[in-house]
1. For the pairs Lys124/Lys177; Lys82/Lys124; Lys26/Lys104; Lys120/Lys180, flag any whose C-alpha to C-alpha distance is greater than 19 Å.
2. Can you tell which of Leu81, Val53, Ile27 lies farthest toward the positive end of the dipole of the range 27-112, using +1 and -1 charges on the Cβ of basic and acidic side chains (Lys, Arg; Asp, Glu)?
3. Quick one: dipole size for the range 117-179, taken about the Cα centre, charges +1 on Lys/Arg Cβ and -1 on Asp/Glu Cβ, in debye to the nearest 20.
4. For the range 77-149, calculate the relative contact order in percent as a whole number, restricting contacts to Cα pairs under 8 Å that are 6 or more residues apart.
5. Placing unit charges on C-beta atoms (Lys and Arg positive, Asp and Glu negative, everything else neutral), compute the dipole magnitude of the range 28-180 about its Cα centre in debye, rounded to 20.
6. Give the dimensionless ratio obtained when the Cα radius of gyration of the range 36-162 is divided by 2.2 N^0.38 Å.
7. Could you give the length gained on full extension between Gln69 and Gln142, defined as 0.36 nm per residue of separation minus the Cα-Cα distance, in nm?
8. Note down the net charge around Pro76, summing +1 for each Lys or Arg and -1 for each Asp or Glu among other residues with Cβ under 13 Å from its Cβ.
Amino acid sequence: MKYLSWRMVAPLAAVALLFGATAHAKINKERGNIVSTNWNKMEMDIKDPQGRVGTWHVKRDCRIRFSDQSASFPNPKVGDLKAPMYIHFQFVEGTDLIQDIEVKEVGFNAAKGGPGVQQKGVVKATDENKGHLAIVLDPGGQKTFRVDPKEMLEGLQNGDEVTILVDTRDGREVVTKITK
């Protein structure tokens, strides 16, 4: 009987040790401006107050709150985070994994769709699978953009007159908003 009891107690003790170590992990706080994001890798480049830029990983179920322009972000998610937002964030000491983010300053008028340049044009072609939009800009000629999220392409037809909002991510121009 003692052997059976030990077999039951050992796994419980191991679990208690694991949870105990996690519960005592020190939570650190930092702040800075978002420089760029890569949500395929769940990464953000953040410039700290000293001007140093570092790459941070973001937990998939990261808690996100907006204390600035919160009405524009009723259900905040990682896709809402973008340059040049000023954020306060928390991570477990010894890691680069962000677990909690509070956006203190959005840095642009979110009601207008975000940072970037607004351009008018006529839709030439769309590729919903790849998330690409070919558009004839006024002025500027024909240009092809990546669209994020690509679901914005649904319902667009060749010849539609649209206004697009173009943002720069990782050195590439990306359409972040399309209005007819």
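Coordinate-derived values only; no laboratory data. Values in this document were obtained by computation on a predicted structure and should not be read as measured data. Here the Cβ positions follow ideal geometry from the backbone for every residue, glycine too, while neighbour counts run over all protein chains shown.
1. Numbers: Lys124/Lys177 17 Å; Lys82/Lys124 28 Å; Lys26/Lys104 23 Å; Lys120/Lys180 10 Å.
Listed pairs above 19 Å: Lys82/Lys124; Lys26/Lys104.
2. It is Leu81, whose Cα lies furthest towards the positive end.
3. Details: 9 positive and 11 negative charges, 38 e Å.
For this selection, approximately 180 debye.
4. Working: 89 pairs, mean separation 13.0, N = 73.
The value is 18 percent.
5. Working: 23 positive and 23 negative charges, 19 e Å.
Its charge dipole is roughly 80 debye.
6. Numbers: Rg = 17.3 Å, N = 127, 2.2 N^0.38 = 13.9 Å.
For the range 36-162, the normalised Cα radius of gyration comes out at 1.25.
7. Details: separation 73, 0.36 × 73 = 26.28 nm, distance 3.50 nm.
Additional length available on full extension: 22.8 nm.
8. Numbers: positive: Arg63, Arg65, Lys77, Lys82; negative: Asp61, Asp68, Asp80, Asp100, Glu102.
Taking every other residue near Pro76 into account, the sum is -1.
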